[in-house]
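One structure is given below, encoded as structure tokens.
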Amino acid sequence: MSLDAVVLFFIFGVIIKLAKVDFTFPRGLSQSLMLILLLAIGLKGGIALKSHANLELVLQGLAVVMIGVIIPLIAFPILRYFGEIDKTNAASIAAHYGSVSVGTFAVAIAVLESQNIAYESYFPLFVVLLEIPAIAVGIWLAQKQGQQRISELMHEMFLNAGVVLMLGGLVIGFSANESIDQIMPLFKNLFSGVLALFLLEMGLIAASRAKELQQNGLFVIAFAMLMPLLGATLGATVGTALLGLSTGGVALLAVLAASASYIAVPAAMRVALPQANHSLSIASSLGVTFPFNVLIGIPLYLLLAQSLTTL
Amino acid sequence: MSVRQFIFVYFVGCLFAALGGLLAFQQMASWTLCAVGIVLISANILSQLSNRKASMPDVAVAQNSAWR
């Protein structure tokens, strides 16, 4: 059985750390990779928005944003009550599950196309829309019991580097003329390569902070496999009952709701919640949820979408 | 592992095993889901047993002290 190349880069990073190889990921490169990834996701969504902008899409976008808000609010109490995980880490993990995985989305697209199942072409826009609310909700959950002033909280929610870079990319992608094609090779063609290097660093980080995962190992594994099923059920229900999407569209929305971010949210959380244990969230989203969705989840979500749309 | 974590993992394991078993006639992935559920339940119980075993000597020492 072969694995996705970007996932292998993550595993490679873990092996480098476990083998105690004398290697440190350059800090400047790490920040550059985050910058490119966040802008790339925003730009893709902006371009998709330009060619499909209408009122129905706005309403669908609002429903998708609500999914991004609801999922962290489901995940957070589970992590706090059953997992007994501290507030900052629970908020960080919850934000990861409210957001989406571009890798899982790409696999789902490939599955739908291989089975000739039609889907709405503007779905990249929903990928961007689902990235943002979860970050804001995660920061709010981490700080709602603190002493911070509302203005400071709002600043961190809407003006943290992750959200600003993605929104900036979205606005540029929407507003720019054809000249955007000249810069897209950097953000589109190199996306997978940049993602692979980013995941290499994520693997190094996850392995270096594996002790915390050992403490909550079995719980985190169970949580990381339950959340995709809860998210997919919510996504498929909204896609069928509220948005009236096609079978492929319902399956894609289920996949988006089921997946957990390992690109935008880790980048944003490292800025917004630097005290959180990022290896815990990365290990659960990338080490458990991503393979679970790819190997087990996507066929089940497609079955769910087919069942719901034929009702 | 705390009691709440044990209950949660046990619940997820049972849910996966039941859901995977129910859907198994429709999707091969469901068999995997069922297997994952069974593995979770087994690992959860084994983890709990090993924790109990590890804490046994302390109990024995405490009981001996009480006898003396």
J(HN,Hα) series, region A:56-73, from Karplus relation 6.51 cos²θ - 1.76 cosθ + 1.60, nearest Hz, glycine and proline x: 4, 5, 5, 5, 4, x, 5, 5, 5, 4, 4, 4, x, 7, 5, 4, x, 6
Helix-only [θ] at 222 nm, chain A, -39500 (n - 2.57) per DSSP H run of 4+, per residue, nearest 500, equals -23000 deg cm²/dmol
Averaged over residues of A:125-131, the number of beta carbons from other chains lying within 10 Å of each residue's Cβ is 0
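Could you work out, residue by residue across B:5-18, how many beta carbons of other chains sit within 10 Å of that residue's beta carbon, and then give the average as an integer? Don't skip to the end; give the middle numbers.
On the way: counts 11, 3, 1, 9, 9, 1, 3, 11, 3, 0, 4, 5, 0, 0.
Mean shielding by partner chains, rounded to a whole number: 4.
Mind checking the full-extension length gain between A:Leu18 and A:Ile183? Use 0.36 nm per residue of separation minus the Cα-Cα distance, one decimal, nm. Write out the running numbers ahead of the final one.
On the way: separation 165, 0.36 × 165 = 59.40 nm, distance 3.81 nm.
Using 0.36 nm per residue and subtracting the Cα-Cα distance, I get 55.6 nm.
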Over all directions, how big on average is the projection of the convex hull of the alpha-carbon atoms in chain A, in square nanometres? 16.4
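Mind counting lysine pairs for me in the protein assembly as shown? Cα separation below 23 Å, and the two need to be 8 or more apart along the chain or on different chains.
Numbers: A:Lys17/A:Lys211; A:Lys20/A:Lys211; A:Lys44/A:Lys188; A:Lys50/A:Lys188; A:Lys87/A:Lys144; A:Lys87/A:Lys211; A:Lys211/B:Lys53.
Number of lysine pairs found: 7.
Could you sort the peptides A:40-52, B:9-21, A:226-238 by per-residue average Cβ neighbour count (10 Å cutoff), highest mean leading?
Values: A:40-52: 21.5, B:9-21: 19.2, A:226-238: 23.2.
Peptide ranking by packing, descending: A:226-238, A:40-52, B:9-21.
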A:Glu84 versus A:Ser307, label points 7 Å from Cα toward the beta carbon: distance in nm? 3.5
Subtracting the Cα-Cα distance of A:Ala106 and A:Leu73 from 0.36 nm times their residue separation yields 9.3 nm
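Can you sort A:Glu120, A:Glu131 so the residue with the fewest Cβ neighbours within 10 Å comes first? Numbers along the way, then the final one.
Details: A:Glu120 19, A:Glu131 28.
Starting with the residue having the fewest Cβ neighbours, the order is A:Glu120, A:Glu131.
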Calculate, for A:Ser121 and B:Ser47, the FRET efficiency according to 1/(1 + (r/R0)^6) with r their C-beta to C-beta distance and R0 51 Å; round to the nearest 0.05. 0.65
According to a simple spin-label model (label point 7 Å from Cα along Cα-to-Cβ), what is the distance in nm between A:Leu35 and A:Ala241? 4.5
Mean per-residue count of partner chain Cβ within 10 Å for A:217-230 equals 5
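Where a number appears in this text, it was derived from the coordinates with a stated rule and is not lab data. Just so it is clear, the model here is predicted, and its values are computed rather than measured. Positions of Cβ are backbone-derived with ideal geometry, glycine not excepted, and every protein chain shown enters the neighbour counts.
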